[in-house]
Each structure stands twice: as C-alpha cells, then as structure tokens.
Protein chains: 2
Amino acid sequence: MNRRSEVVDAAERILEREGPDAVTMRRLADELGIQAPSLYKHVAGKTEIQTALQQRALERLGAVLTAAGADLPTLVAAYRRWALQHPRLYELSARHPLDRQRLASGIEAAAAAPLLRVTGGNIAAARAIWGFAHGLVDLELANRFPPDADLDAAWAHAINAFAVYCTP
Amino acid sequence: MNRRSEVVDAAERILEREGPDAVTMRRLADELGIQAPSLYKHVAGKTEIQTALQQRALERLGAVLTAAGADLPTLVAAYRRWALQHPRLYELSARHPLDRQRLASGIEAAAAAPLLRVTGGNIAAARAIWGFAHGLVDLELANRFPPDADLDAAWAHAINAFAVYCTP
DNA sequence: TGATCGAAGCTAACAACGTTAGCCAGCTCG
DNA sequence: CGAGCTGGCTAACGTTGTTAGCTTCGATCA
C-alpha cells in the first residue's frame, strides 16, 4: 500500500472542497488522522504534492480530450467544460511551471495529442489553439470578464477563427 | 506627500528585482528603512498593495497598446512584448481576480479599447483575441511549452486565424 | 525464540509570514 | 501652552512549512 498516493488523494479532496488556501500541511495531516510532521515520512514536501496534483490534472484532461472527439468545436468545448468543472485543479495544473524533471514523461504529449490530431499534425497551430483555450478559460476563472460578458460568443469567435485549420 | 504610493513603488521594485516571493511586508518595510507594522499606517494590508500593482500594470499595458498601432499583428506583438518584459507584473495583474470595487473605473475599458478598435467594435471578437494573447503569454511565462518550441510560429498562426476580423 | 532494524507515528521547536495592540516622539494648529 | 494627529517603534499572536529527535510496532533473519 502506497501512502504517498493517499496523501495526494486527501490533498485533492481538500482542494476541491475548501479551495487552495485550505490545502495546508496541518489540515492535510488532520484529514488523515495524523500529525503534520508525519507527512514527511511519505512525501518530500508541499511542492511534491502540488506536482503530483498537477500531473493528475494533466492526465485526466488528456483522457477527456482524447475521448471527446475529433473536430475542433467539440474538443475545445470539452476543454472548457473540464476546466470549469474542476476550477481549482485546473488552476493548480495550468498556472505553475511544469517541473519536467519530476513529471512522468509522456503525460504532456498524451494531453496534447488530440489537439495535434485536429490540426493534422501542425504543431504551431495546435499550440495556438491550446493558447486561446487556456487563455479564455483562465480569464473566465479569474473573473476578468465583466459579469455580463457573453462568453459563449467569444468562444464561438475563436473556434470560428481557428476552424480553418481543421477543414482543409 | 503621499507615502502610500511610495510603498507601492517599493513593492514594485522588489517584485521586479527579486520576484513575487520576496514581496513580504518585512522586506518591504526594510526597503523603506522602516519596521513592518509601520506600513499599516499607510496601507490597509498586503492585498491593497497587490491591487494597486494590478492597477498600475493595467494602466501601463493599456497605454502601450494604445500607442502600439491599429492593426492586429502589431497590437498583439506589443501585448506579448510588454508581458515578456514585465513578467512578474504581468502575472500579478493577470492571474488575480479583478477587485472591481477597489479598481478605479475606466481602467479596464481603457486597456480594452485598442482591441475593440481593431475588431471594429466587435466585443466578442475582442475578447477572443484577448483570450488567445493572454493564453499564449501565460503558457509561455509558466514554461508550459517545451524548451525547443517555436513560439513565434504559434503566435503567427493565431494572428493569422484572427486576421479575418480586421480586414473586412 | 530472540535480536535487529526500518517504517511510521509522536512532540517540541524554528524561522518567516501577515497582522494587531499599545506606546511614544514630534509637529501643527487653536 | 496644550490638544491632537502623524508616523514611527516594540512586543506579541496565530499560522505557515519544515527539521530534529524520540518512540513504538511489526517484520525479517540468525
């Protein structure tokens, strides 16, 4: 039995239930019926937990995108839906620099694969699409649009603009 | 003499020189030759300082965009350039929710105006462009692209896709 | 069976954080 | 001259991540 993953599980639970500020070493230990310093028997520190959550988020997002479909609109819609359903996990995974040393290799590529499929292998186009999807989600999550903004329309415009890459 | 702005000045200096983690109340007080609690005679707390920096960043970015020009490519290029030149300030300003209560009104609109000009008043399109510019910058700043990624190409693709809105 | 040893818990503690309370010097103004 | 505001100070509190060092329990091995 790997206690490390139980720690990460608990961290995820707290993150979803009570937000990022609640994910504290003591609160985390509490969730496991343990004292804070004991966590360090299973985990190197808080940053390791964050990296693990980041990795989880990337895996799940990748899976969702892979299952989503092959055309740009549904793919992008799936991206947006996942992010809005798991806002804390999304923020954690998207905002922090990728620690490529610690991150299992292949995960990044797996998450990006569906995008590449949709652009017909055009890497630059895939990155551009990733960029606009992340940007719109990020602004939306950070409340950067006025409360009355019609975000669906903005997404539609962006999808429309990029559709050229998918229908050659 | 308004000491409040001196505090914010010092915060900005520390932010640029030593990064966000260094912007601490004690470090800030130190920069001003003062003890930490004295800061509270000029400023309500740390969040107020952050909001002030956010406002500054928005103002400057707005000014840069206004001066940049009237076509999409130069506008977007100016956006990217400013963000990469002031990465910490950009992160601070873009990642945190906007406190519209405290933020002087009009600043948001002023920053968005050049974008609107370029889309011919199409709000949804302006938001879409803002989204992709922010997204690409954000991913770039967070090291989310592989080290060998050709980001210029990604930007070019995005600009190209959106060019339809500017050349009717 | 008994000795050993590592895994996994504990308490105590440290440094740094944001913040509050309360005191005191000095300047300004009536 | 005295009142009061301005802006500094020290001491302290609660919380954060983390370390040191002790104990306890269960498995492994001679």
Estimated distance in nm for a label pair at A:Asn2 and B:Ile34, the labels positioned 7 Å out from Cα along Cα-to-Cβ: 5.1 nm
B:Arg117 label point, 7 Å along Cα→Cβ, cut-off 13 Å on backbone N: hits in segment B:33-72? B:62-72
With a Förster radius of 45 Å, plug the Cβ-Cβ distance of A:Arg102 and B:Val164 into 1/(1 + (r/R0)^6) and report the FRET value to the nearest 0.05. 0.60
With the 1.4 Å probe rolled over protein heavy atoms, segment B:50-165 has an accessible area per residue in Å² of 41 Å²
Could you tell me the calculated FRET efficiency between A:Asp21 and B:Ala153, based on Cβ-Cβ distance and R0 = 56 angstrom, to the nearest 0.05? 0.90
Exam field: B:Ala153 pseudo-label spacings to other copies (7 Å along Cα-Cβ), nanometres: 3.6
For chain B, longest principal axis from Cα atoms; helix B:3-18 axis from its Cα atoms; angle between them, nearest 10 degrees, is 60 degrees
Note the buried accessible area between B and A here, summed over both chains, with a 1.4 Å probe, in Å² to the nearest 100. 3100 Å²
Percent relative contact order for chain B, counting Cα pairs under 8 Å at least six residues apart, stands at 22 percent
Kindly report, to the nearest 10 Å², the accessible surface of B:Trp130 as traced by a 1.4 Å probe over protein heavy atoms only. 60 Å²
Checking segment B:98-164 for trypsin sites (Lys or Arg not before Pro) in a loop per DSSP with at most 14 other beta-carbon atoms within 10 Å yields B:Arg100, B:Arg102
If you take the beta carbon distance between A:Thr47 and B:Lys41 as r and set R0 to 45 Å, what does 1/(1 + (r/R0)^6) give as a FRET efficiency, to the nearest 0.05? 0.80
The answer for segment A:1-43, accessible area per residue at 1.4 Å probe in Å², is 63 Å²
How large, in percent, is the carbon and sulfur part of the accessible surface of the protein assembly as shown at a probe radius of 1.4 Å? 52 percent
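The values are calculated or read from the model by the stated rules, or taken from the named source; none is laboratory data. As the structure is a computational prediction, the values presented were derived from the model and not from experiment. Neighbour counts run over all protein chains shown; Cβ positions are idealised from the backbone, glycine included. SASA here: full protein model, heavy atoms, side chains in, ligands and nucleic acids out. Shrake-Rupley method; radii C 1.70, N 1.55, O 1.52, S 1.80 Å.
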